[in-house]
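Inspection log for the structure reproduced underneath, given as structure tokens.
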């Protein structure tokens, strides 16, 4: 190979190696991202009444004391929102569970418990936002507590705990977040006060690892560019070799191929061999000269006469000569 071809081959190898290295890094390199987010959440309720004679309205707002005997149901409104620096679609699940518990007044031990799923929703949104209204049948749970205490003649504290759970998953970043809002409602009481967990108001951040960062994408693009550059170099190298090969004459190709393939048998000589005392035999083909070499076990001497003529000799008791010229071979 010529010098330019060797240089182009080395460049192709370096480009290919760099290409595959960067491609591997683009797939495997883990980048840590700090994703900031802010979240807010709250639960508000209204107490709907069966008797509005004295209140002049069908419902009462939160934060009051309520007469349990005239409560029909509770209208619960859960709200939650999380805002991220970078957002994709979110898989969101909401679940409301009612846990009823009857506890002995004196010992504090649990006498009766009951857990019931009120509502469960699953959906996909482009933001982690929830705004859900749920109607709770207060009369059902209050009546159950009253009947239990009356039937067994016990003195007990009865309470209904509502657990509202919001869980979401950021599909792109793999962030999984779960939040709980609780509400405590006394049962089997003449007057009751409803308590709830504090509102959610938080600013924080996630540290996540990803192989799909901007750096991974840049490395992938560079590897593709290097792959194309490698392909161009290989195409250019093949073209150069083909042009060089096509430009060589049959004579040049024969000499180059013969010296390469039979290097173990051939000795190159700068000087022509002349000995008039020995008989010179003309050999018509190089193959016949090889047969002579195999029989005599003598080396073949190659001598370049000029650019258009070469000699292959075997020197023994006689001189065996195969002479090849450009004119004879290319015609």
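Which members of the range 291-309 meet the condition of being in contact with a strand residue (DSSP E or B) (Cβ under 8 Å, 6 or more places away or on another chain) and under 16 Å from residue 262 (Cβ atoms)?
Of everything in the range 291-309, those that are in contact with a strand residue (DSSP E or B) (Cβ under 8 Å, 6 or more places away or on another chain) and under 16 Å from residue 262 (Cβ atoms) turn out to be 292, 293, 296, 298, 299, 300, 301, 302, 303, 304.
Across the range 20-50, what is the number of residues that are buried (at least 18 other Cβ atoms within 10 Å of the Cβ) and under 18 Å from the mean Cα position of the chain (by Cα)?
The number of residues fulfilling the criteria is 2.
Are any of the residues in the range 109-116 modelled with pLDDT under 90, within 51 Å of the chain's Cα centre (by Cα) and either in the same structural domain as residue 155 (by TED's automatic domain parsing) or surrounded by 14 or more Cβ atoms within 10 Å (Cβ to Cβ) (or both)?
No, there is no match, as no residue in the range 109-116 is modelled with pLDDT under 90, within 51 Å of the chain's Cα centre (by Cα) and either in the same structural domain as residue 155 (by TED's automatic domain parsing) or surrounded by 14 or more Cβ atoms within 10 Å (Cβ to Cβ) (or both).
Here are the criteria: (1) over 60 Å from the mean Cα position of the chain (by Cα); (2) on the phi < 0 side of the Ramachandran plot. Tell me which single one residue 258 does not satisfy.
Every condition holds for residue 258 apart from (1).
Specify which of the listed residues (112, 80) is in contact with a helix residue (DSSP H, G or I) (Cβ under 9 Å, 6 or more places away or on another chain) and within 21 Å of residue 162 (Cα to Cα).
When all the criteria are applied, what remains is 112.
Given the conditions (1) in contact with a strand residue (DSSP E or B) (Cβ under 6 Å, 6 or more places away or on another chain); (2) crowded, with 18+ Cβ neighbours inside 10 Å; (3) modelled with pLDDT of 90 or more, which single one is not true for residue 230?
For residue 230, the exception is condition (1).
Residues are listed down the side, and each one gets a yes or a no for (1) assigned by TED's automatic domain parsing to the domain that holds residue 156; (2) in contact with a strand residue (DSSP E or B) (Cβ under 6 Å, 6 or more places away or on another chain); (3) assigned to a strand (DSSP E or B):
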position: 25; (1), (2), (3): no, no, no
position: 53; (1), (2), (3): yes, no, no
position: 93; (1), (2), (3): yes, yes, yes
position: 100; (1), (2), (3): yes, yes, yes
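So which of 57, 53 ends up being modelled with pLDDT under 95, over 30 Å from residue 131 (Cα atoms) and more than 42 Å from the chain's Cα centre (by Cα)?
Matching residue, one of 57, 53: 53.
I'd like the residue in the range 195-215 that is modelled with pLDDT of 90 or more and in a loop (DSSP other than H, G, I, E, B) and, out of all such residues, is nearest to residue 144 (Cα to Cα).
Here the residue is 197.
Is the range 283-297 home to any residue that is in the same structural domain as residue 257 (by TED's automatic domain parsing), at pLDDT 90 or above and in a strand (DSSP E or B)?
Yes, some residue in the range 283-297 is in the same structural domain as residue 257 (by TED's automatic domain parsing), at pLDDT 90 or above and in a strand (DSSP E or B).
Condition check ((1) assigned by TED's automatic domain parsing to the domain that holds residue 165; (2) touching a helix residue (DSSP H, G or I) at 6+ places or on another chain (Cβ under 9 Å); (3) at pLDDT below 85; (4) surrounded by fewer than 14 Cβ atoms within 10 Å (Cβ to Cβ)) across all residues:
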| position | (1), (2), (3), (4) |
| --- | --- |
| 180 | yes, no, no, yes |
| 189 | yes, yes, no, no |
| 193 | yes, no, no, yes |
| 226 | no, yes, no, no |
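The values are calculated or read from the model by the stated rules, or taken from the named source; none is laboratory data. The shown structure was predicted, so the numbers you read here are calculated from the model rather than taken from an experiment. Quick reminder, even Gly has a Cβ in these numbers, built from the backbone with ideal geometry, and neighbours come from all protein chains shown.
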